[in-house]
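Report on the following structure.
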Ligand code: CUA
C-alpha cells in the first residue's frame with residue numbers, strides 16, 4: 001500500500017515538533033538556575049532552542065534525504081531540469097523566519113522588562129559640576145579644559161537633587177588615616193556618582209511589581225584589580241565573599257576603584273558592569289541554595305582571569321549565622337586595632353611591639369622616622 005505524501009508530511013511534522021520540544025527542554029547546556037530571574041531567562045533560551053532545533057532538523061533532514069534520493073545513478077549523464085523561481089515559495093520562506101524573529105524579539109523584550117531592564121524611572125542623572133568633570137586622579141589639562149567648556153555651556157542646568165550614592169563611602173575615606181596621602185577631592189574616585197555629563201546609572205534586575213520599593217537586602221560591591229569587596233550597609237561588615245539568603249530580594253550597588261569590571265554570576269543569569277566613579281545596580285531574588293562563583297566578565301588587566309569571588313546562596317538561618325560570625329570577627333579586629341593604635345604614641349613606640357617579630361633592634365627604629 002502506498003502512503004500518500006500528505007500523510008508523510010503530517011507524520012514528519014509531528015515527529016519534528018515533538019523532537020524539538022523535547023530537546024529544547026533537555027539540552028543541559030545551562031548551569032543551575034539560582035534566581036527567580038534565571039528562570040525567565042531560561043524560558044527564553046529554551047524557546048529559542050526549540051525553534052533552532054526544529055529548523056536544524058528540517059533543513060538537515062531535507063538535505064540528507066535529497067542527497068540520497070536525487071543522487072546521480074549509473075549511466076545517467078543528462079543535465080538536471082531547468083528550475084525557474086517559485087514566487088509563492090519565496091514568500092512563504094521569507095514570511096516564516098520573519099514571524100519567528102518578531103516573536104523572539106517580543107518575547108526577549110518581555111523578559112528584559114520582567115527583570116526590570118526597561119525602567120525609565122531607574123535612570124539617575126549624575127550631578128553636574130565643573131569638579132565632577134575632572135578625570136579622577138590625574139586631572140589632565142585637556143579634561144579640565146573640556147570640563148570648563150562643558151560647564152559653561154550647561155551652567156543653566158539646575159543642580160541635580162539626586163543624592164550622591166557614594167557620599168557615605170567617600171566621607172568614610174576622608175576620615176581614614178590610611179587615605180591621608182591622597183585626601184584630595186579629585187583623587188578619591190568615589191567622591192561623586194559620575195565624572196561626566198548626563199551619565200546614566202544602569203539598573204537591571206528587580207521585577208516591576210517591586211520596582212521603586214527598596215530591596216530587602218542591600219549589598220555594596222566594589223571591583224578593583226583584581227578582587228571583589230562586599231559591604232553590607234545594614235551591619236557594616238566588609239567581606240571577600242558574598243552571602244545572600246534564599247527568597248529575599250537583593251540589591252547590588254556596584255562601582256569600581258580603577259578600571260571597568262563586570263559582575264557576572266552565571267547561575268544568576270545577570271551581568272552588570274562595575275564602572276569607576278559610577279554606581280550601577282542589579283537586583284535579583286536568590287532561589288536555589290549553593291556555592292557559586294562571581295566572575296569578572298570584563299577584561300581588566302593581566303590577572304582578569306583570576307578575579308573571582310565565592311557567592312553563597314543559603315537559607316535565612318545560615319545567612320544570619322554567617323552574618324553574626326562576620327560581626328564578631330570585625331569587632332575583634334577593631335578591638336585589636338584600638339588596643340595597639342592609640343593616637344598619642346610616637347612612631348617608634350607604636351612600632352615597638354612589632355620589632356621583636358621582625359628582628360629589628362630598637363636602636364634602628366630611632367633612625368627610621370628621619
Ligand atoms: Cu576585573 Cu576582569
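Every number in this text was worked out from the coordinates using simple rules, so none of it is lab data. All of these numbers come straight from a predicted model, not from anything done at the bench. Neighbour counts run over all protein chains shown; Cβ positions are idealised from the backbone, glycine included.
Candidates 298, 314: the one that is touching a residue at least 60 places away in the same chain (Cβ under 8 Å) and farther than 13 Å from residue 219 by Cα is 314.
Name the residue, out of 242, 323, 254, that is surrounded by fewer than 18 Cβ atoms within 10 Å (Cβ to Cβ) and closer than 16 Å to residue 219 by Cα. Residue meeting the stated conditions: 323.
Applying the selection to segment 267-293, what residues are within 15 Å of the ligand (Cβ to nearest atom) and either within 20 Å of residue 37 (Cα to Cα) or in contact (Cβ under 8 Å) with a residue 40 or more places away in the chain (or both)?
271, 272, 273, 274, 276, 280, 293 - these are the residues of segment 267-293 that are within 15 Å of the ligand (Cβ to nearest atom) and either within 20 Å of residue 37 (Cα to Cα) or in contact (Cβ under 8 Å) with a residue 40 or more places away in the chain (or both).
Just the residues that are closer than 18 Å to residue 219 by Cα and within 10 Å of the ligand (Cβ to nearest atom), please, taken from segment 301-310.
Step one: list which residues in segment 301-310 are closer than 18 Å to residue 219 by Cα, which gives 308-310.
308, the sole residue that qualifies.
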